[in-house]
Every structure is written in C-alpha cells, then in structure tokens.
Amino acid sequence: MKTRKYFFVSITIIFFFLFTFSSISAFSQKESVYYLSKTGKPTTLEHADIMQKIDIKSTSEIVVQSLRLKDAKWEKIHTERYKKVNDSTYQVRSSSLNGKSETINRVYNPFTNNTFKFKDIHKNQIIRVGYCSTKIPLTLQNKVTEYYEGGQIKSISEYSNNELVSNQNWNENGEKYIDNIFYSVDVEPEFVPGMKVLHQHLLKGFIDAGIDVKSVSGSLVIGFVVTEQGRIDGIKILKGLIPGINSVAVQSFASLAGDWNPAKLNNQKVRYFQVFPINFINKEQRFDFAEFNKGRLNWGAY
C-alpha cells in the first residue's frame with residue numbers, strides 16, 4: 001500500500017510540474033533568473049550585461065524585472081507585469097526608471113513545437129507581430145514586424161535566439177530608411193574629436209540661429225545612424241519641441257565635422273542607431289556646460 005501511495009503522489013507531482021511548465025513557458029520555480037548579453041542573446045552570469053528576474057506571483061500574474069550591470073552592480077532598468085486575460089492573451093504593463101509606462105495586450109498562438117506566433121496590441125491597434133521561442137520572458141526568433149501608430153510598417157527584422165540579425169526600416173511617411181541598423185552592440189560609437197567639440201558645435205548652432213537657450217524649457221530627442229564608415233546618416237527628430245529648434249538641432253548634426261569610431265558587434269563594424277536627448281534646463285540664472293552621458297545632453301540656462 002505504501003508503495004502505491006508514494007507512486008500516486010509522484011505521478012501527481014509530475015503532472016503538476018508538466019502543467020505548470022506548459023502554461024507559463026518553462027517556469028517551474030516561483031522565481032527564475034536569466035542572463036543576457038548586451039545584444040539580448042542568452043548567456044552565463046560571467047558574460048552577462050542584462051539580468052532578468054521572473055517572479056511568478058500566481059497562476060495569472062508574472063513579473064519580469066530587468067537589471068543592467070553598471071560599475072559591478074545590478075541596477076533596475078525595466079519592469080514588465082503580465083496578467084493573464086485568457087489562455088492565449090496576457091495584458092503586459094511595462095514601466096521604466098523614468099516613470100514612463102505602457103500597457104499592451106499580447107496574444108500568443110502555437111506555431112511549431114518550438115515557437116509561438118505573437119501579436120502586440122496597443123489601443124486596439126497592432127504594433128508588432130512576430131515569432132518567439134519562449135513567451136515569458138519573450139525570446140524573439142525569426143521574423144518580427146513593427147508598425148507605427150498609423151498602421152504603416154516601421155521595420156521587418158530577423159532574430160536568432162533573441163539577437164537581432166538584420167532589418168529593413170521605413171520612415172513614418174513610408175519612405176525607405178537605412179537598413180541593417182543595430183540598437184545594442186558590444187562597443188558603442190565614439191566621436192573622435194571629443195564630446196566637448198560636439199557640445200560647442202551644437203551650442204553655436206543655437207546661438208547663430210538666434211535662439212535664446214535660457215528661455216527654452218523641455219527636451220528634444222534626435223536619432224541618427226553612425227555608419228560602419230564612421231559617418232552620420234539618417235538624422236531625424238524622435239521627440240521635438242518647436243519646429244525652429246528642431247530644425248536647428250538637425251542642421252547642427254548634419255554640419256558636424258569629424259569622424260566617429262563606429263560601433264562593433266561580434267568584433268565587426270556595424271551601423272548603430274544613436275539616440276541623443278537634449279534637455280534644456282532653467283536653473284538659477286546660470287548656464288551649465290553640456291554634459292554627455294550615453295547619448296544624453298543637458299543644457300542649463302543662464
């Protein structure tokens with residue numbers, strides 16, 4: 001009798017394990033940890049730049065916390081909260097350190113034995129469709145297509161084990177943009193003449209255009225591609241202020257003299273999409289010299 005009893009308990013435990021495994025994509029523990037490289041590829045702790053902690057709150061709620069390794073310490077950068085809507089749909093709420101949050105519905109459908117097809121919906125509009133090898137955390141695999149809010153195609157990308165391989169890109173107006181650009185690399189590009197030269201050039205551009213920086217408040221975000229040859233291309237406003245300031249910022253980058261050391265991925269020079277925020281800050285009637293930190297430029301007013 002004891003043998004049968006233990007055998008029954010063992011079968012029950014195995015059944016419960018298999019059920020949990022299939023319903024939440026290979027998470028049998030309450031908390032799991034995954035390590036990623038800068039480019040998103042799964043790796044070991046020794047080579048990790050990103051850590052993802054998956055906390056299973058209940059059968060219907062999972063929290064994924066992303067941390068970045070900085071100065072030998074892990075700092076939180078992003079949190080995703082998954083709430084199960086039904087067997088195929090999760091509501092995903094994303095939040096970052098800057099306080100920005102966004103909620104989407106993600107719908108999963110089985111595709112093959114090893115992949116799922118997923119669809120991200122924001123405000124009743126599809127913003128991304130593609131394939132993944134795991135649901136939570138989302139591990140991208142094969143083709144992924146992103147859309148602008150108006151429904152136009154933004155990009156068509158190919159992934160291998162969550163690492164971007166190639167992409168085709170379009171502007172919001174439908175015009176073709178630069179292809180095969182990367183957003184995460186092993187080595188980021190560097191402006192050879194130095195950031196002080198870049199700062200002075202941008203400040204001169206605003207002054208020459210008659211813009212009184214002390215009267216400006218807010219921020220704009222510029223994006224551009226640093227090519228594998230070390231040149232700037234594809235300058236665009238990602239978040240603007242007023243048209244006059246936006247135009248001067250674009251013109252200043254377009255006229256910036258000097259080469260860049262291009263980005264490197266897997267020891268190869270690649271095209272890199274640089275995001276460059278410029279913050280205008282009024283502070284105690286003085287001007288703070290621009291400081292650059294990973295693409296962020298802060299202007300203080302007189």
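The values are calculated or read from the model by the stated rules, or taken from the named source; none is laboratory data. No experiment lies behind these values; they were computed from the predicted model shown. Please note: Cβ atoms are built from the backbone with ideal geometry, for glycine as well, and neighbour counts cover all protein chains shown.
Structure values in brief
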read-out: Qualifying residue in the stretch 11-32 (condition: farther than 25 Å from ASP87 by Cβ and either modelled with pLDDT of 90 or more or not polar (S, T, N, Q) (or both)); value: no
read-out: Residue ID - farthest from VAL225 (Cα to Cα), chosen from residues in the stretch 153-196 that are of a type in the set (Val, Ile, Thr), modelled with pLDDT of 95 or more and not in a strand (DSSP E or B); value: VAL192
read-out: Residue match in the stretch 95-112 (condition: assigned to a loop (DSSP other than H, G, I, E, B) and among the basic types (Lys, Arg)); value: yes
read-out: Among the candidates GLU146, GLU172, GLU158, GLU163, residue that is in the same structural domain as ASP87 (by TED's automatic domain parsing), touching a residue at least 60 places away in the same chain (Cβ under 8 Å) and among the acidic types (Asp, Glu); value: GLU163
read-out: For PHE182: the one exception among (1) farther than 30 Å from ASN113 by Cα; (2) of a type in the set (Phe, Trp, Tyr); (3) not assigned by TED's automatic domain parsing to the domain that holds SER37; value: (1)
read-out: Matching residues, the stretch 215-265, being of a type in the set (A, V, I, L, M), in a strand (DSSP E or B) and surrounded by 14 or more Cβ atoms within 10 Å (Cβ to Cβ); value: LEU220, VAL221, ILE222, VAL225, VAL226, ILE232, ILE235, ILE237, ALA263, LEU265
read-out: Exclusive hit being crowded, with 19+ Cβ neighbours inside 10 Å and touching a residue at least 12 places away in the same chain (Cβ under 8 Å), set ILE211, ILE181; value: ILE181
read-out: Complete set of residues in the stretch 84-124 that are of a type in the set (Asp, Glu) and surrounded by 10 or more Cβ atoms within 10 Å (Cβ to Cβ); value: GLU102, ASP120
read-out: Of residues in the stretch 70-86 being part of a strand (DSSP E or B) and not basic (Lys, Arg), the one nearest to ASP49 (Cα to Cα); value: TRP74
read-out: Close pairs (6 angstrom Cβ cut-off, 6 or more residues apart or separate chains): in the same structural domain as LYS117 (by TED's automatic domain parsing) in the stretch 73-88, small (Gly, Ala, Ser) and outside any strand (DSSP E or B) anywhere; value: LYS84/SER60
